[in-house]
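Beneath this line is the structure, given in structure tokens, with notes to follow.
The values are calculated or read from the model by the stated rules, or taken from the named source; none is laboratory data. Keep in mind that this is a model prediction, so the values were computed, not measured. Quick reminder, even Gly has a Cβ in these numbers, built from the backbone with ideal geometry, and neighbours come from all protein chains shown.
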Amino acid sequence: MTAPRPYHHGNLRTALLQAAERAVEAGGTESVSLRELSRALGVSHTSPRRHFAGRQALLDALATSGFDRFEAALGRAVRPQGRASFKTRLTRLAQAYITFALKHPALFALMFEAKHRADAPPELLAASSQAFAHGPALFAEGQAAGEVVAGDPGRLSLVVFAALQGLVTISTNGRFKEIDLDTLAKESIEWIISGICPRK
């Protein structure tokens, strides 16, 4: 008995995004072809057009989906748990950032490349902003609790995100000079914390 085609179950969009992500992680964005994805999923080459106007629309949707998942990961990391301090929650955020970036390297690169395009779609930019909003929100809470110096929470969180992105960029297979990024991330947060704690 022949298995029904994915589109007939109404999940072709999801199937295309999943297949596109596998292709990106395996061979980069240049390896993504709507025709090849259609063939792999067992649907006609015109079926994807019902969901994506073209290859770029598919890649933008994949980047948007990536930011949605990234946002969820960061959100779980900073969610208050008991009496967790600002430092603990910031360290968790850093670890979640590093973990996601290392687990999905090609997708992560696509996400940042897509959001910096001049013609990036609004929904992609909104997903990106929502993901990175966890940083300023956490810093604002830290300031309210007296754990962080006064200042623009957005600027303060930018320092953290820039440091984390820098670690990801200069690493090789999740390491830099034989030191794993989790360790470097924790050390970076320690140094940042020492600089933003209120002076007595």
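Listing for the model above:
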read-out: Residue check for residue 94: in contact with a Lys or Arg (Cβ under 8 Å, 6 or more places away or on another chain) and assigned by TED's automatic domain parsing to the domain that holds residue 141; value: yes
read-out: Boolean, residue 186 is charged (D, E, K, R), crowded, with 17+ Cβ neighbours inside 10 Å and touching a Ser or Thr at 6+ places or on another chain (Cβ under 8 Å); value: no
read-out: All positions within the range 169-199 that are β-branched (Val, Ile, Thr) and modelled with pLDDT of 80 or more; value: 169, 170, 179, 183, 189, 192, 193
read-out: Selection status of residue 144, modelled with pLDDT of 95 or more, over 21 Å from residue 182 (Cα atoms) and outside the structural domain of residue 18 (by TED's automatic domain parsing); value: no
read-out: Hey, residue 82 closer than 30 Å to residue 142 by Cα and in contact with a His (Cβ under 9 Å, 6 or more places away or on another chain) or not; value: no
read-out: Residue in the range 36-50 that is farthest from residue 114 (Cα to Cα), counting only those that are surrounded by fewer than 17 Cβ atoms within 10 Å (Cβ to Cβ) and within 27 Å of the chain's Cα centre (by Cα); value: 40
read-out: Scan of the range 104-124 for residues that are over 14 Å from residue 165 (Cα atoms) and surrounded by fewer than 16 Cβ atoms within 10 Å (Cβ to Cβ), ordered by number; value: 116, 117, 118, 119, 122, 123
read-out: Those residues of the range 51-105 which are among the basic types (Lys, Arg), under 25 Å from residue 147 (Cα atoms) and not in a loop (DSSP other than H, G, I, E, B), in sequence order; value: 76, 87, 89, 92
read-out: Residue satisfying all of: in the range 138-162; among the small types (Gly, Ala, Ser) and surrounded by fewer than 18 Cβ atoms within 10 Å (Cβ to Cβ); farthest from residue 86 (Cα to Cα) among these; value: 162
